[in-house]
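Everything on this sheet refers to the single structure shown next.
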Amino acid sequence: MELFWILLSCCVCSLSRGQGVYAPANAQIVHSGAACNVNDDNISERIYTIKEGYTLVLQCIVKGHPRPQVRWTKTAGSASDKFQETSIYNETLRIEGIQRVQGGRYYCKADNGVGVAAIKSIRVDVQYLDTPVLTVHQTISDVRGSYYQEKTVFLRCTVNSNPPARFIWKRGNILIEQSKDNGVDIYEPLYTQGETKVLKLKNLRPKDFADYTCQVSVRNVCNIEDKSVTFRLTNATTPPVIRLSVNDTVVVDPGQDVLLNCEIIAGFPAPTVTWSRYPGPLPLSAQVRGPMLFLRAVTPADAGFYNCSAVNNVGNPARKNVNLIVRTMTNLTFQITPDSNKDSETIQMGRDLKLSCHVDATPQDKVNYSWYKNSAPVFNSESLIILRSDPDMAPGTSSLEIIDMKFRDLATYSCMANFPGSRVPELRVDVNISQNGVSPPVLSVPPGGQVVSVQEGGNTELVCLVVDGKPRPPVLWSRAEKDLLMPGGRSVTETPDGRLRMRNVSRDMMGVYRCQTAPYNGLNIKRREAQVQLNVQYPPILDPVFQDLRSRNYQMVTLRCAVLRSNPPRLTDIRWFRNGEFIRIPMPDLKETPELQFKLEPRNNGSYECRVSNSIGMSTCTFNVSTKPYNAEFYFDTPNPVRIQKGNNYSYNLQWTQRDPEATDPIIGFWLIVRKNKQNVLLKQIDLRGKEPEKGVLMSHTISDLKIPLAYEVRLAPITTYCTGDYISRTIQYSEPYTYPRPSDHVCGFEDERICGFSQDRSDVFDWTRQNHLTQNPKRSANTGPETDRSGTKEGYYMYIEASRPRVQGDKARLLSPLFNVTSVRGPKGSGRVPYCVSFYYHMKGKHIGTLNVLLRVRSIASHTTVDSEVWTKSGHQGPDWKRALFDVSPSGPFQIVFEGIRGPSFEGDIAIDDVSITIGKCKQENTVASAVLIGGSHSLPLASWLNFGLSCILALLYR
């Protein structure tokens, strides 16, 4: 997929060089990618139309200084979800493979803290066309008593698209028109998802049994081709009916194989069967064989609802569900409940006692509990009552009640849980009931354990012991503060021995922890409870961590290091250092904010540290104190401002501001160093003394005699009477100035990657290629194509077509110029058309050269169509040199110039073009090479400056 650049024209606040504070001006959005259309709607909003799956690139250009920070946000479109969790802070927003839900209005907001933020928006319209879905529904109803029956068939065609699709119905290859066939009715139903058209066949006739095609079209917008679907209607057409080989619920043991068969018992055409699962996808081990689903050695993770769907697009899909349950059994616990009616916490003769048993199982209601006394089975009697499901306990709990306890009831009771007939192992728990074997628990925190201190990042444990009581229950830990979770992320943590172990402790773990006896695996009585305080110790937290402080010479400087928090809060030491050496000053008051005051002189510039300690550790405030001025800040704009000079030279207007120039001694000028990029070769060292900056004022200097298209590294540093500031560096490079219009001063030499706004024609066979001598393929054909660009430099670029394989004879490549709006310029008096001069250089060397055509493509505002006419052509070998072409055109409306290269009979047929210019007025026949630079005098319109002609209006005119 080829990407081409389209530049949105919008108002940009003009800046007077060297004066004024540069708050953000109006934002400008430049976009690139495979745009289908760019226009303005009736409220003058920019609309960018793109095909789904293409790449969207939006760039926000904002003038202002200091350099603004750009933030992208989005509001939802008609079928949109959230843009993303956070905003994008970047000048360029790039979305690979844009999807329909990403359409909507995108905003770029630029703010640099000066003045009002600049905001610009663009609406992105993502266009798509899905394959339609054709379903058939039929009804049979009695008409006129019982004389005969009428069968009516509805063919429903549904599609998702943007823009709305147009529907065409066909019977065989014949278009169905409602007005010409009384047996059909075409209409759009209400309350449907997506766009839907229904073809109703009334009282079926023999000719109605045929192939029906639903064709949908969005009229080739974004080059989206039509799509269609066909259904064969016969007298045997019926909806699907299925039957499952198993019941609605299937319960199996772990490790067991499961076969689910979804049998088709009716349906024509033959239905397609699919299996799905909820929740989650089918297991990785699942094997689908036609209508059968095979699960080998199932695990508890394979449990869920399995759905079988049969679809043949007749009627509604047939669906059946199977609930697959895999048996599991874990965590068998018991509870001992003394006589709750007597509010007892101990076992007493003559009182009631209840033993409860619970296991976590799936399915819970299928668990079977068995009770044993001294290994003998227990049966219901007057003194022993078995409850299969205890209503006072959690569901799935079995209880054994001992009524009016006697000495004979003192014994070992066992609870056994299992699944009848299952291979899942049974679980068992034993409870010894004796006068000395059961007693209430006593919970205790060891001496000194009520408060536990630990350094941040260390390990510790909180202890809460059951020192008495039989049987001893586990201890449950939780946070005393409401809504706070335990370090593992749970609300409660169980510890069998009462010791809560904690690793890598952080300050957010600090607080009160509650320990409680669990109600299970022990006496089910009022919980015993205690608390432990965790104290996390850490070194002082200071502000600022780092500060860059600039000042004038011989001024008093005060450094403050504030202690925000500290645990323990008592400080033990405060020390000041300069460049790593201790500063001997009176011991500061440890209860006050650390502060250092001194007179700044050239000898005491440097790095200052304030080291603050408590008993845990030390933290540092660092200050870089200097009389050197702050760095200058380059003014970034896009593209780089350039000016073409004579020959192959260009100049660059370097712009910058000085950050806080009044903070230090007066700045008397700047040093400017220019080097060739990626080469340690000094080109220029410029003394800019006398340029005294003001806060917020833009400064500039024109760097001349730079070579096209080379890039350079520039370094800039401010100067005071006492010293030179730090250098800042940036790279400057040649850029086609089509976004910085300057009439009549430039020819498009394709030196910039954006090739002056040219684009590749997406309807041709292959593309033109941008290249120079340095990027040529070393294995290229030696007897065709140019060695250098038209000016003779190896660094200079040109556009060419490659004739080697896989190209074949007759393949075409078209390069389109930007669109020119001729309505913005009037022709000569008495003339309705404006003449234009087209000038370019071509290179056609090789024995297999094909043809180079230049076409004039004129757009009709009324019909939105384009007409191509040939205005120049050349074929065959034209010699080893670059040659110039010069001719006039007089378009009748908005136009483009199309360079069409046609491949010849073999591989030695490369064709190249360079230095293209389109200017207002008739061509002036000049003999000098230099005349190619300026054509048309003061009225010329360089192609690189096409925005001068009001192109911001032309797209609105074309699509209004």
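The values are calculated or read from the model by the stated rules, or taken from the named source; none is laboratory data. Bear in mind that the values here come from a model prediction, so they are computed numbers and not experimental data. Every residue, glycine as well, gets a Cβ built from its backbone with ideal geometry; the counts of neighbours run over all protein chains shown. When the accessible area is computed, the model is the full protein with side chains, heavy atoms only, and any ligands, DNA or RNA have been set aside. Shrake-Rupley method; radii C 1.70, N 1.55, O 1.52, S 1.80 Å.
Structure notes:
- For the range 632-733, the per residue solvent-accessible surface stands at 47 Å², with DNA, RNA and ligands left out and a 1.4 Å probe.
- With 20 Å as the limit on Cα-Cα distance, the pairs of LYS63/LYS628; LYS812/LYS874; LYS707/LYS883; LYS120/LYS695 that go past it are LYS63/LYS628; LYS707/LYS883; LYS120/LYS695.
- Accessible area per residue for the range 241-326, computed on protein heavy atoms with a 1.4 Å probe, is 52 Å².
- Cβ-derived FRET efficiency at R0 41 Å, SER344 paired with ARG490, nearest 0.05: 0.80
- Charge sum, other residues only, whose C-beta stays under 15 Å from ALA297's C-beta, Lys/Arg counted +1 and Asp/Glu -1: 0
- Karplus-derived 3J(HN,Hα), 6.51/-1.76/1.60, for each residue of the range 275-282, Hz, glycine and proline x: 10, 9, 9, 10, x, x, x, 4
- Spin-label model distance (nm) - SER869 vs ARG319, 7 Å beyond Cα toward Cβ: 6.3 nm
- GluC sites (Glu not before Pro) restricted to DSSP loop in the range 169-251 with at most 14 other C-beta within 10 Å: GLU177, GLU225
- Local electrostatic count at LEU523 - Lys and Arg +1, Asp and Glu -1, tallied over other residues with Cβ under 15 Å: +2
- Pairwise label distance in nanometres, LYS151 with ARG603, each label 7 Å out on the Cα-Cβ vector: 11.2 nm
- Apolar share of the accessible surface for the range 217-326: 53 percent from carbon plus sulfur atoms, 1.4 Å probe.
- By the rule of a C-alpha distance below 23 Å, with chain neighbours fewer than 8 residues away ignored, the lysines paired with LYS526 are LYS342, LYS354, LYS470, LYS482.
- Computed magnitude of the charge dipole of the range 333-433 (debye, nearest 20; Cβ of K, R +1, Cβ of D, E -1): 360 debye
- Sulfur and carbon atoms: percent of accessible area, the range 552-634 [1.4 Å]: 44 percent
- Accessible area per residue for the range 442-537, computed on protein heavy atoms with a 1.4 Å probe, is 53 Å².
- Lysines whose Cα lies under 26 Å from that of LYS207, excluding same-chain neighbours fewer than 8 positions away: LYS151, LYS170, LYS180, LYS197, LYS227
- The range 442-537, accessible surface, carbon-and-sulfur percent (1.4 angstrom probe): 47 percent
- Distances between placed amide hydrogens fall under 5 Å for CYS262 paired with MET292, LEU293, all partners being 5 or more residues away or on another chain.
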